[in-house]
1. Using the alpha-carbon atoms, what tilt in degrees (0 to 90, nearest 10) does helix 105-116 show relative to the longest principal axis of the chain?
2. May I ask you to derive the relative contact order of the chain, considering only C-alpha pairs under 8 Å and at least 6 residues apart, and to give it as an integer percent?
3. Taking Cα atoms, how many degrees apart are the long axis of helix 64-99 and the longest axis of the chain, rounded to 10 and kept between 0 and 90?
Amino acid sequence: MSYQARFTKPEHTGIVIKEQVKCGKPNCRCANGKLHKWYFYHYFRVSNKGKWFLKKKYVQKGKVKELKQVINKTKEAKDREKNEADKQRLYLLGLKLFKEGLITKEEFEKVVYAVNNY
Ligand SMILES: [Zn+2]
């Protein structure tokens, strides 16, 4: 289930960020603010024993587009599943209210209509 992607495939989530680099040599031009070239990094969270850790991974320039697509697809699938879950909750709420006599059949039908056109 892709909604669980952050647990099962954390490397398909997160964000790709372009960063400039400091090499760390004290006399280098980058120490004075003239940073080196851009590199791409993938930031994502991984869960370990109930705790979340931020991971940073270097991404080859040629792999950036593909990785962004994978992340987008994972996010879209997650949003779809979240929508379905929301619809399901709304429907069950309407059904509960109807069964308890708190809304009329017409009101319940409005809920069903709203769910179907969500
Ligand atoms: Zn440097």
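The numbers here are math on the coordinates, done by the rules we state, and not lab data. It should be emphasised that the depicted structure is a prediction, and the values quoted were computed from it without experimental measurement.
1. Taking Cα atoms only, the helix is inclined about 30 degrees.
2. Details: 131 pairs, mean separation 25.9, N = 118.
Result for the chain is 22 percent.
3. 20 degrees
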